[in-house]
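The values are calculated or read from the model by the stated rules, or taken from the named source; none is laboratory data. Note that the coordinates shown come from a computational prediction; the quantities given were computed from them, not determined experimentally. Cβ atoms come from the backbone with ideal geometry, glycine included; neighbour counts cover every protein chain shown.
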Amino acid sequence: MSAQVAAMYWCETDSPVGRLLLAGSAQALQRVYFQAGPQPLRAPATWRHDPAPFGEPLAQLREYFAGARRTFHLSLAPAGTPFQLAVWSALQAIPYGDTVSYGELARRLGRPGSARAVGLANGTNPLPIIVPCHRVIGADGSLTGFGGGLNIKRALLSLEGAACVADLFTGWDLHTSNRQHPGEGRGGSLPLPTPTRR
């Protein structure tokens, strides 16, 4: 007799970087998707739409976007290989507002020379923002890739005040996108994400 699979729940919420879709069990957050990014997710029919399990993640995201939270304290259950889990754990040790290169992250993991593998694991992080993969940049200071799109990566780093100025990307960020997301710059008020029901 097979073990019963835990039910998956999901909800969507607005944020200063566009709509986010949160998914997980009643006990732990498992995924965050950028619905305004290049790969929005359509929740599978087997998932239950219910914002109730996401009260604490939504509250902490609110605080993060308002500049009142620098670390997240949530029950997380990302699914990955041992190496991916090690990379995602190392991401959580990067302080708010700091950035590191893929090579530096590889060294911190005791795997010098595996920057490419670290980059691949970073790119499959299922919990962006919460597990801050946006804080990993190229060795030359360029933003490089990001699953939600470089617009969002730059916006998150700008919110945190990261001194990342060598990138060649010139798109909007949280401080220059008031027409889309009304709010003020760092230290000002930002729109807070709220759960939506269908």
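Listed conditions (1) over 22 Å from G149 (Cβ atoms); (2) of a type outside the set (F, W, Y); (3) modelled with pLDDT under 95 are all met by H73, apart from (3).
If only residues of segment 13-24 that are out of contact with any helix residue (DSSP H, G or I) (no Cβ under 8 Å at 6 or more places or on another chain) and part of a strand (DSSP E or B) are counted, the one that is farthest from L76 (Cα to Cα) is L21. Would you be able to tell me the number of residues in segment 1-12 that are modelled with pLDDT of 95 or more and either surrounded by fewer than 13 Cβ atoms within 10 Å (Cβ to Cβ) or touching a helix residue (DSSP H, G or I) at 6+ places or on another chain (Cβ under 6 Å) (or both)? Summing the residues that are modelled with pLDDT of 95 or more and either surrounded by fewer than 13 Cβ atoms within 10 Å (Cβ to Cβ) or touching a helix residue (DSSP H, G or I) at 6+ places or on another chain (Cβ under 6 Å) (or both) in segment 1-12 gives 2.
Could you please give the count of residues in segment 100-150 that are under 17 Å from P38 (Cα atoms) and touching a residue at least 60 places away in the same chain (Cβ under 8 Å)? Here the count works out to 7. The numbered conditions (1) free of Cβ contacts under 8 Å to residues at least 60 places away in the same chain; (2) touching a strand residue (DSSP E or B) at 6+ places or on another chain (Cβ under 8 Å); (3) over 30 Å from D140 (Cβ atoms); (4) not hydroxyl-bearing (S, T, Y) are all true for A59 except (2). Each residue in segment 69-86 was checked for being surrounded by 11 or more Cβ atoms within 10 Å (Cβ to Cβ) and part of a loop (DSSP other than H, G, I, E, B), and 9 pass.
Out of all the residues in segment 19-31, which are surrounded by fewer than 22 Cβ atoms within 10 Å (Cβ to Cβ) and either in contact with a Gly (Cβ under 7 Å, 6 or more places away or on another chain) or touching a residue at least 40 places away in the same chain (Cβ under 8 Å) (or both)? Answer for segment 19-31, where residues must be surrounded by fewer than 22 Cβ atoms within 10 Å (Cβ to Cβ) and either in contact with a Gly (Cβ under 7 Å, 6 or more places away or on another chain) or touching a residue at least 40 places away in the same chain (Cβ under 8 Å) (or both): S25, Q27, A28, Q30, R31.
Each residue in segment 32-53 was checked for being farther than 18 Å from C133 by Cβ and crowded, with 21+ Cβ neighbours inside 10 Å, and 1 of them qualify. Counting the residues of segment 54-65 that are in contact with a Leu (Cβ under 6 Å, 6 or more places away or on another chain) and either at pLDDT below 95 or surrounded by 19 or more Cβ atoms within 10 Å (Cβ to Cβ) (or both) gives 3.
Of all residues in segment 9-59, those that are more than 19 Å from the chain's Cα centre (by Cα) and either among the aromatic types (F, W, Y) or assigned by TED's automatic domain parsing to the domain that holds C133 (or both) total 1. Within segment 96-131, if we keep just the residues that are touching a Pro at 6+ places or on another chain (Cβ under 9 Å) and closer than 24 Å to R62 by Cα, the residue that is surrounded by the fewest Cβ atoms within 10 Å (Cβ to Cβ) turns out to be Y96. Residue count for segment 87-106, restricted to those that are part of a loop (DSSP other than H, G, I, E, B) and of a type in the set (G, A, S): 2.
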